[in-house]
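Asker: Before I ask anything, here is the structure I am working with.
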Amino acid sequence: MCAIMTRATRLEMKLTQILAGLSFALALAACGNQALEGEYKNQGNGIYSAVEFKGKSTAVVKGMGMTFPTSYERDGQLIRLKTDKSDLLFTVKDDKTLVGEGFAEGVYKKD
């Protein structure tokens, strides 16, 4: 006995594949722009000792015996902290690790 797919069955299968793909893409997009929370401590001897994220766009940078509040933006795996002189750029390695570039150079780990 040979299996014959009707046009309606093929259409249903195609729609199911499209919906599954869209659901997966939306889930990835939502995960990529999640707000960060908690304190990430520099594991080396960088200028900044820690960065604490509070909510969707607020962060506190700690270093050289001082702290200053600032804002941040997340673009996928990149985080840009705003400062008065220039921005600080971090890459999210995983949910407990950030890698800083430039003046923020170092590996920052969340406790």
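Asker: Distance cut-off 19 Å, Cα to Cα: go down the list 56/82; 85/110; 62/82 and report the pairs above it.
Answerer: With Cα atoms farther than 19 Å apart: 85/110.
Asker: Name the long-range amide H neighbours of residue 54: under 5 Å, sequence gap of 5 or more, or other chain; modelled H, no Pro or chain starts.
Answerer: 59, 60
Asker: Give me the Å³ per residue figure for the convex hull around the C-alpha atoms of region 38-110.
Answerer: Here the figure is 79 Å³ per residue.
Asker: Still on this structure, please answer the following. Please state the relative contact order of region 38-110 as a whole percent: Cα pairs under 8 Å, 6+ residues apart?
Answerer: 28
Each reported figure results from applying straightforward, stated rules to the coordinates on display, with no laboratory input. In this text the structure is predicted, and so the values were computed from the model without any measurement.
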